[in-house]
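Below is one structure, written out as structure tokens; comments come after it.
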Amino acid sequence: MTGAVPTTSEAQLTFVLVHGAFQTGSAWADVAAALRGRGHVVHTPTIAGHGPNAQLDLTHADAVDSLVAYLRENDLSDVVLVGHSIAGTFIAKAAEEVPERIKRVVFQNAVVAADGNALAEEFPPEMAAVFGHVDPAQGFILPFEVVRERACNDVDLATATRLYAEMSPIPVAYMTDRLNLEVFYDLVGTGKLRTSYVNAVNDIAMPPGEHAWFPRFAHRLGPLCRILQLEGAHYVMTTRPEELAETLVQAGRD
Amino acid sequence: MTGAVPTTSEAQLTFVLVHGAFQTGSAWADVAAALRGRGHVVHTPTIAGHGPNAQLDLTHADAVDSLVAYLRENDLSDVVLVGHSIAGTFIAKAAEEVPERIKRVVFQNAVVAADGNALAEEFPPEMAAVFGHVDPAQGFILPFEVVRERACNDVDLATATRLYAEMSPIPVAYMTDRLNLEVFYDLVGTGKLRTSYVNAVNDIAMPPGEHAWFPRFAHRLGPLCRILQLEGAHYVMTTRPEELAETLVQAGRD
Amino acid sequence: MTGAVPTTSEAQLTFVLVHGAFQTGSAWADVAAALRGRGHVVHTPTIAGHGPNAQLDLTHADAVDSLVAYLRENDLSDVVLVGHSIAGTFIAKAAEEVPERIKRVVFQNAVVAADGNALAEEFPPEMAAVFGHVDPAQGFILPFEVVRERACNDVDLATATRLYAEMSPIPVAYMTDRLNLEVFYDLVGTGKLRTSYVNAVNDIAMPPGEHAWFPRFAHRLGPLCRILQLEGAHYVMTTRPEELAETLVQAGRD
């Protein structure tokens with residue numbers, strides 16, 4: 001943040017941006033720079049089980065623990081906790097642990113799992129079927145062709161190839177562990193946890209229609225969920241970082 | 001209209017812009033200025049039962065009467081009659097009374113009520129349930145939190161607060177009176193009344209999905225309804241007045 | 001292509017752009033110019049049964065034959081084969097004949113017919129009913145009012161009138177011939193034919209909702225269909241040629 005000066009009078013927010021599957025905190029680099037340029041504080045932790053050489057015999061709870069530990073170790077409060085893609089389940093479970101540290105949870109094309117579901121169960125049946133064939137020792141990663149067509153639909157081949165080259169498998173249990181989200185839904189339903197849903201309208205990582213990100217997952221956050229949409233596809237943090245930063249401010253502010 | 005010169009050769013239109021619930025004609029100030037700047041004639045009447053100190057023991061028919069009276073008193077003809085939000089029902093009923101004065105009715109994120117329904121019945125059940133608990137003497141207004149998250153989702157807190165400060169309750173009967181719209185649907189079905197539907201794509205005052213503004217209400221206007229969409233949320237007349245003016249011209253012209 | 005220089009290093013593509021009903025290859029003039037300006041090769045054949053004085057006693061197979069003949073006579077290979085509107089069925093059937101010449105089929109607000117269906121059966125019932133009353137000797141064309149409100153919703157009357165003046169009837173059998181698409185769906189399902197779907201979000205030629213272009217038709221192309229969206233309505237090739245050219249490049253490239 002060398003010399004960056006906020007150009008608006010917007011109140012400073014503290015963002016914790018949680019990357020999606022196969023990626024690390026570096027996925028947010030451009031958005032973090034844009035937010036810092038506007039005067040906000042930004043953290044981009046890498047969740048356990050992600051990144052090259054990550055441990056692959058972890059459970060979903062381990063991922064959540066690593067996020068909660070990050071929030072505690074940095075003694076963060078009044079956090080706008082943003083989750084992308086499968087990280088929707090990490091931020092929901094983390095919010096159950098440390099609701100007092102959180103200003104608002106923001107789901108950005110992220111899974112809002114139904115109570116009792118595993119992440120895999122939130123994907124269309126044809127995708128969910130994939131997980132039965134994955135070797136836990138190898139971890140789980142989608143083939144390039146799927147990433148290229150469904151998540152990189154709006155970028156050129158060079159960008160898609162670069163993004164994929166930076167990806168690595170995650171623990172299979174992240175997709176298959178059943179999630180108890182009773183506390184999360186109670187916090188949301190009683191107004192103790194505020195929520196926003198951000199939808200990039202060309203994001204087809206979940207296929208359009210019945211299984212689309214939106215409005216399926218936003219509905220689960222109830223009538224006071226603040227909804228915002230922007231152009232872009234699944235890696236909008238790479239293709240439109242300034243617009244996404246603006247939208248995250250809109251999602252996170254009072 | 002001091003010195004404003006139309007920059008296009010578009011034919012002059014006469015707009016009557018009808019505000020939504022809790023607001024007054026002043027809600028359209030910026031759009032009206034934009035339209036006048038393009039050479040159009042613009043009226044922004046305040047409907048009975050709206051505004052500070054409004055009479056709250058009125059019926060839906062009283063609101064319609066006030067709009068029809070405005071059209072007659074100003075002897076307006078060839079009118080592009082635009083209704084926002086609940087005003088969709090005011091313009092539909094007014095069109096039944098004075099179809100000969102109307103060029104086209106334009107519903108802008110507005111309710112197109114089914115024949116026989118009350119406005120309340122067009123809202124999701126959880127919102128409709130609210131109306132049973134409203135004291136008619138106090139009128140009906142949504143709590144700030146709902147307006148902020150569902151209708152002001154894309155503006156900052158200062159703007160949301162200002163918009164809400166300018167709002168006032170409306171007669172409860174506007175929401176609960178059953179509406180006979182047989183004549184309206186006959187006019188539309190026989191091609192005697194032309195219609196357009198304008199949808200601001202981030203408007204979640206009606207929740208996305210089954211109960212969304214769009215395409216639910218546009219469908220009711222039949223196969224010759226002209227549909228247009230633009231960026232923005234429920235108060236797009238405040239956030240994007242130039243774009244909305246352009247879209248209303250597109251909606252209203254021959 | 002006088003002096004036009006590609007401004008990016010994007011790989012050269014060979015496009016064959018297939019117009020929709022009532023139109024001819026000239027419908028693509030502005031998009032073709034934009035693509036050529038970026039260094040791509042563009043063909044815009046007119047399909048049999050289209051254009052002034054077209055033969056009207058043709059079958060759907062005749063239309064497909066004329067497209068296949070064009071690809072063969074020009075010995076085209078590695079083609080990005082784009083179809084608009086009803087041409088979705090022409091490109092699907094042509095792909096069955098000469099898959100070896102095709103890099104990718106791109107449906108741009110185009111019908112992806114279900115195997116065994118006629119084009120008419122892909123329209124809403126109220127539109128499909130129209131075809132029973134058409135005199136085959138006169139061919140089929142939609143009335144101006146429908147074209148103006150459903151396909152020209154975002155243009156002014158002068159543009160709509162000009163577009164319609166350039167239109168001419170097509171053989172009725174194009175709409176009513178049942179289409180065997182087994183081979184097409186086998187090519188897609190086995191990954192031998194790549195597909196993209198491009199959706200102009202304000203295109204209401206198919207009505208929004210259950211019978212909308214999108215995601216209805218994209219779903220039929222399976223999980224590896226690359227989906228892209230842009231602003232604009234049914235004649236986006238006329239209203240936003242540069243944006244459509246950019247989107248077709250995104251849809252067609254590796």
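Quick one: what does P(r) look like for chain C with 5 Å bins over all Cα pairs, in whole %? Cα pair-distance distribution for chain C, in percent: 1, 6, 14, 19, 21, 19, 12, 6, 2, 0, 0.
Restricting the stretch B:163-231 to GluC sites (Glu not before Pro) that sit in a DSSP loop and have at most 15 other Cβ atoms within 10 Å of their own Cβ leaves B:E166, B:E210. With 0.36 nm allotted per residue and the present C-alpha distance subtracted, the C:N180-C:R36 stretch has 48.4 nm of extension available. Would the stretch A:94-150 count as rounded, prolate or oblate if I go by the C-alpha gyration tensor, calling it rounded below 1.5 in a/c and otherwise prolate when a/b exceeds b/c, oblate otherwise? Prolate, because a/c is 1.5 or more and a/b exceeds b/c.
Normalised by residue count, the stretch B:47-173 yields a Cα convex hull volume of 123 Å³ per residue. The ranking of A:M175, A:M167 from fewest to most other beta carbons within 10 Å of each one's beta carbon is A:M167, A:M175. Label separation (B:V146 vs C:A165): 5.3 nm, computed from points 7 Å beyond Cα along the C-beta direction. Hey, if you put +1 on the Cβ of every Lys and Arg and -1 on every Asp and Glu Cβ in the stretch C:159-219, which of C:G209, C:T176, C:L187 ends up farthest toward the positive end of that dipole? Farthest towards the positive end: C:L187. Inter-chain neighbour count for B:222-231: the average number of beta-carbon atoms from partner chains within 10 Å of each residue's beta-carbon is 6.
Placing unit charges on the Cβ atoms only, positive for Lys and Arg and negative for Asp and Glu, gives chain B a dipole magnitude near 540 debye about its Cα centre. Placing a label point 7 Å from the Cα of B:D78 along the Cα-to-Cβ direction, the distances to the matching points in the other copies come to 5.8, 5.8 nm, shortest first.
The per residue volume of the convex hull around the alpha-carbon atoms of the protein assembly as shown is 178 Å³. Sorted shortest first, the distances from the A:D254 label point to those of the same residue in the other copies are 5.4, 5.4 nm; each point sits 7 Å from Cα along Cα-to-Cβ.
Straight-distance candidates among the lysines for linking to C:K93, with alpha-carbon spacing under 22 Å and chain neighbours fewer than 8 residues away dropped: C:K103, C:K192. Counting beta carbons within 10 Å around each of B:L157, A:L224, B:L119 and listing the fewest first gives the order B:L157, A:L224, B:L119. 3J(HN,Hα) couplings calculated from phi for the stretch A:28-44 with the Karplus curve 6.51 cos²θ - 1.76 cosθ + 1.60 (θ = phi - 60°) are, in sequence order, 8, 3, 6, 5, 4, 4, 5, 5, 5, x, 9, x, 8, 8, 9, 10, 9 Hz; Gly and Pro show x. With q set to 0.22, 0.28 Å⁻¹, the log10 of I(q)/I(0) for the stretch A:21-88, from the Debye formula over equal scatterers at the Cα positions, is -1.07, -1.44. Under a 5 Å amide H cut-off, with hydrogens placed 1.01 Å from N, C:I227 pairs with C:Y197 among residues at least 5 apart or on other chains.
Dipole size of the protein assembly as shown about its Cα centre, with +1 on Lys/Arg Cβ and -1 on Asp/Glu Cβ: approximately 900 debye, rounded to the nearest 20. In order along the stretch B:98-110, the phi-based Karplus estimate (6.51 cos²θ - 1.76 cosθ + 1.60, θ = phi - 60°) of 3J(HN,Hα) comes to 10, x, 5, 8, 10, 7, 6, 9, 10, 9, 10, 6, 10 Hz; Gly and Pro are listed as x.
Restricting to Cα pairs below 8 Å that are 6+ residues apart, what does the relative contact order work out to for chain C? Please round to a whole percent. Once divided by the residue count of chain C, the mean separation gives 23 percent.
Close amide-amide hydrogen proximity is noted between C:V18 and C:V82, C:G83, C:H84, each under 5 Å apart and 5 or more residues distant or on a separate chain (H modeled in the peptide plane; Pro and chain starts excluded).
Result for chain B in a Gaussian network model with C-alpha springs under 10 Å: among B:A128, B:A48, B:A110, the largest mean-square fluctuation is at B:A128. For a quick check: with amide H placed at 1.01 Å from N, whose amide H comes under 5 Å from A:K103's, ignoring anything fewer than 5 positions away on the same chain? Residues meeting the criterion, in which the H sits 1.01 Å from N, are A:D78, A:V79, A:V80, A:L81.
Since only C:F123, C:A110, C:Q138 are under comparison, the one whose Cα sits farthest along the positive direction of the charge dipole of the stretch C:94-138, derived from C-beta charges on Lys, Arg, Asp and Glu, is C:A110. In nanometers and ordered shortest first, the copy-to-copy spacing of the C:V183 label point, defined 7 Å from Cα toward Cβ, is 6.1, 6.1.
Taken one residue at a time, the phi angles of the stretch B:175-186 give Karplus couplings (6.51, -1.76, 1.60, θ = phi - 60°) of 8, 10, 5, 6, 10, 8, 10, 4, 5, 4, 5, 5 Hz. Gly and Pro are set to x. If you run the Gaussian network model on chain B, springs between alpha carbon atoms under 10 Å, then out of B:G20, B:G49, B:G232 the most flexible one is B:G232.
Here, each number is a calculation from the coordinates, and none is a lab measurement. Computed from a predicted structure; not experimentally measured. When we count neighbours, we look across all protein chains shown, and the Cβ atoms used for this are built from the backbone with ideal geometry, even at glycine.
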